[in-house]
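Have a look at the structure below before the remarks.
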Amino acid sequence: MKKRNKKTAKILAVVLTAALGVCVPEMTLQAVETLTSVQIQMPGFVVEQFSAPRLMNVTKNAVVRTLPDHNAAKLTSVTAGNTVWGWGQTNTGWYFVQIGSQIGYVRYEAAAYATQDQIAAIQAQAAAAAQVQAAQQAQIAAAAANQPTVAAGIVFIGDSRMVTLKDAVERNLGSCAAAVVAKNGSRHEWLHDTGIPQADKIIGKGSRVVINMGVNDLSDADKYAKDVNYWAAVWSARGAQIYYASVNPVWANSYGMTEERVKLFNDRLKGQLIPQIIWLDSHDYLMSVGVHASDGVHYKDDTNLVLYQYYLSMIGAI
């Protein structure tokens with residue numbers, strides 16, 4: 001049986017390569033009556049393969065297998081309420097489906113073909129989303145054209161931790177290499193309403209921007225991602241390089257900030273940032289070199305100086 005399954009899987013691989021090599025599912029929503037199909041005889045079953053994929057609704061949680069056989073290896077799984085692309089069906093009670101870049105078999109009772117009304121609704125949503133994206137790209141292009149008269153070489157944007165870092169640098173080194181846009185106790189609202197507009201006036205071609213915020217509102221990673229992604233697109237178009245430094249370690253404090261919440265924030269934010277933003281894992285760096293905290297949230301001068309040197313090193317300023 002194992003030899004037979006391996007042989008069948010190899011045959012399927014050839015078929016799938018031919019079928020999916022130029023597949024762009026989002027462009028293939030079409031009326032069922034316009035689809036054609038071919039019958040492909042496989043060892044032990046027949047696959048009716050469509051000329052283009054059909055949208056399918058997953059109706060129950062199910063395992064997707066490498067072959068239309070309950071004993072075949074598990075490829076992945078599907079969850080009720082999601083959609084997949086159906087490339088065909090077998091004469092033994094299985095659908096031939098694509099999930100992302102993977103393709104396999106799921107039982108008939110786990111999925112159903114989308115209706116034409118559902119397909120029309122999806123097409124309308126896609127068209128609306130395309131219009132929104134086009135409008136946003138136009139806004140980004142317009143904002144990117146507003147180059148500052150004089151662009152700052154390095155810009156730090158942050159909260160009280162950035163304020164104390166700047167103070168430590170000036171106290172110990174005499175001056176800070178970065179233009180610092182920061183405020184004690186600041187949250188996302190300040191970044192959106194004040195911090196970004198201030199920084200925007202000095203960010204242009206050649207600027208290197210380090211953003212380090214979030215410790216004061218660890219539940220708002222999504223809000224930070226939305227604003228930072230938009231403005232990173234604008235500033236990148238001007239010729240700036242944008243970095244987001246992770247929220248750094250905390251210890252026992254009276255503000256409800258915990259390491260667990262910090263990690264959740266960092267992971268969620270990092271996963272949403274656009275490619276133009278370089279992530280700086282200053283959190284793990286500080287944990288590796290040691291941290292001297294003054295109150296569980298803010299750092300003593302020696303740690304702030306280490307963090308300052310880390311930022312400059314990571315952006316290529318030293």
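Each row is one residue, and each column tells you yes or no for (1) closer than 30 Å to Ala143 by Cα; (2) assigned to a loop (DSSP other than H, G, I, E, B); (3) outside the structural domain of Lys201 (by TED's automatic domain parsing).
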| position | (1), (2), (3) |
| --- | --- |
| Val228 | yes, no, no |
| Ala232 | yes, no, no |
| Ser236 | yes, no, no |
| Tyr243 | yes, no, no |
| Val250 | no, yes, no |
| Trp279 | yes, no, no |
| Val297 | no, yes, no |
| Asp302 | no, no, no |
Scan segment 78-89 and report the pairs whose first residue is in contact (Cβ under 8 Å) with a residue 12 or more places away in the chain and whose second residue is surrounded by fewer than 22 Cβ atoms within 10 Å (Cβ to Cβ) and in a loop (DSSP other than H, G, I, E, B), with Cβ atoms within less than 8 Å and a gap of 6+ or a chain change. Val78/Asn61; Thr79/Asn61; Ala80/Thr59; Ala80/Lys60; Ala80/Asn61; Thr83/Ala114
Among (1) buried (at least 16 other Cβ atoms within 10 Å of the Cβ); (2) at positive phi, which single condition is Asp159 missing? (2)
So in segment 242-261, with the set limited to residues that are of a type in the set (S, T, N, Q) and either under 23 Å from the mean Cα position of the chain (by Cα) or over 20 Å from Gly290 (Cα atoms) (or both), which one is surrounded by the most Cβ atoms within 10 Å (Cβ to Cβ)? Asn248
Among the residues of segment 33-72, which ones are outside any strand (DSSP E or B), without any contact (Cβ under 8 Å) to a residue 40 or more places away in the chain and closer than 18 Å to Ile99 by Cα? Pro68
From Ala151, Ala141, which residue is in contact (Cβ under 8 Å) with a residue 60 or more places away in the chain, more than 19 Å from Val247 (Cβ to Cβ) and surrounded by fewer than 15 Cβ atoms within 10 Å (Cβ to Cβ)? Ala141
Please determine whether any residue of segment 276-287 is without any contact (Cβ under 8 Å) to a residue 40 or more places away in the chain and hydroxyl-bearing (Ser, Thr, Tyr). yes
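Within segment 155-208, can you find the residues that are of a type in the set (A, V, I, L, M) and in a helix (DSSP H, G or I)?
Within segment 155-208, Met162, Val163, Leu165, Ala168, Val169, Leu173, Leu191, Ile196, Ala199 meet the criteria.
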Ser254 vs. criteria hydroxyl-bearing (Ser, Thr, Tyr) and in a loop (DSSP other than H, G, I, E, B): yes
Surrounded by fewer than 16 Cβ atoms within 10 Å (Cβ to Cβ) and of a type in the set (A, V, I, L, M, F, W, C) - does that describe any residue in segment 183-203? no
Being among the small types (Gly, Ala, Ser), under 24 Å from the mean Cα position of the chain (by Cα) and closer than 23 Å to Lys300 by Cβ narrows it down to one residue among Gly185, Gly214, Gly195; which is it? Gly214
If you check every pair at least six apart or on different chains, which have Cβ atoms under 7 Å apart with a residue in segment 207-234 that is under 14 Å from Ile274 (Cβ atoms) and free of Cβ contacts under 8 Å to residues at least 40 places away in the same chain first and a residue that is of a type in the set (Phe, Trp, Tyr) and surrounded by 21 or more Cβ atoms within 10 Å (Cβ to Cβ) second? none
Restricting segment 70-93 to residues that are more than 26 Å from the chain's Cα centre (by Cα) and among the β-branched types (Val, Ile, Thr), the residue that is farthest from Ile40 (Cα to Cα): Thr92
Just for segment 94-145: of the residues that are in a loop (DSSP other than H, G, I, E, B) and over 30 Å from Gly204 (Cβ atoms), which one is farthest from the chain's Cα centre (by Cα)? Thr115
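The values are calculated or read from the model by the stated rules, or taken from the named source; none is laboratory data. Just so we're clear, the structure is a prediction, and the values are computed from it rather than from any experiment. Quick reminder, even Gly has a Cβ in these numbers, built from the backbone with ideal geometry, and neighbours come from all protein chains shown.
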